[in-house]
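Contents: one structure, followed by commentary.
The values are calculated or read from the model by the stated rules, or taken from the named source; none is laboratory data. It should be emphasised that the depicted structure is a prediction, and the values quoted were computed from it without experimental measurement. Please note: Cβ atoms are built from the backbone with ideal geometry, for glycine as well, and neighbour counts cover all protein chains shown.
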């Protein structure tokens, strides 16, 4: 048989080993491409823009529209949109750019000299309950270095999440960060977006016999959730206390 027509028949085990090797090589090449070219990017859930169901957002010729105002907590009914979840859930303390102290609150947002201040206090609608929380404000202040305008929305820089949730790389994760985005809607309401960043940690290029060789950064995780707060006053001055307490009342 001419040499050009010869066919080489490898044993079955050798062919399978070669196929596994080619597949492993392809996987390594894909990982290297993502790691070296950063083509994979973060894995994003949710949207960095307010949901269309909130209505259109206001725009400004320069910078961001003025967000100052008094807003109502809890959010407008059925507008809490958590990232990657079908069920709607209202965010809790630590998941917002202000303190959530009770079922109903006033949210007072002010912008002065480059600072953004968000205060909250309780609303009391019970005639027979007296509470000092209706006159005590929480205080969250974001300086000019922590804020910037992005696409007509105000971004509050990510900071360490309370409790420091682990990264997706397990023990190699550095903890989650929370950032916030505020957008003024055309109906006067405030859209509040929460951006949760989870470091991806590290992975290995090749593992054999329980040993890992070489390491690369796994993509970070990014998740967005949104709520819509109704506007109740312009916010240029301290809003009046909402307290239904009446001395001597015995019924709500």
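Residue under question is residue 246, and the condition is that it be modelled with pLDDT of 65 or more, more than 26 Å from residue 145 (Cα to Cα) and in contact with a helix residue (DSSP H, G or I) (Cβ under 8 Å, 6 or more places away or on another chain); does it hold? No; evaluated as a whole, the condition is false for this residue.
At least 1 residues being modelled with pLDDT of 90 or more and under 15 Å from the mean Cα position of the chain (by Cα) is the threshold, and among the strands (runs of 3 or more DSSP E) wholly inside region 142-224 those reaching it are 153-160, 177-184, 190-198. For region 47-71, a residue qualifies if it is within 21 Å of the chain's Cα centre (by Cα) and either farther than 21 Å from residue 196 by Cα or outside the structural domain of residue 154 (by TED's automatic domain parsing) (or both), and the qualifying residues are 53, 55, 56, 57, 64, 67, 71. Taken together, the residues in region 99-136 that are surrounded by fewer than 17 Cβ atoms within 10 Å (Cβ to Cβ), assigned to a loop (DSSP other than H, G, I, E, B) and within 27 Å of the chain's Cα centre (by Cα) amount to 6.
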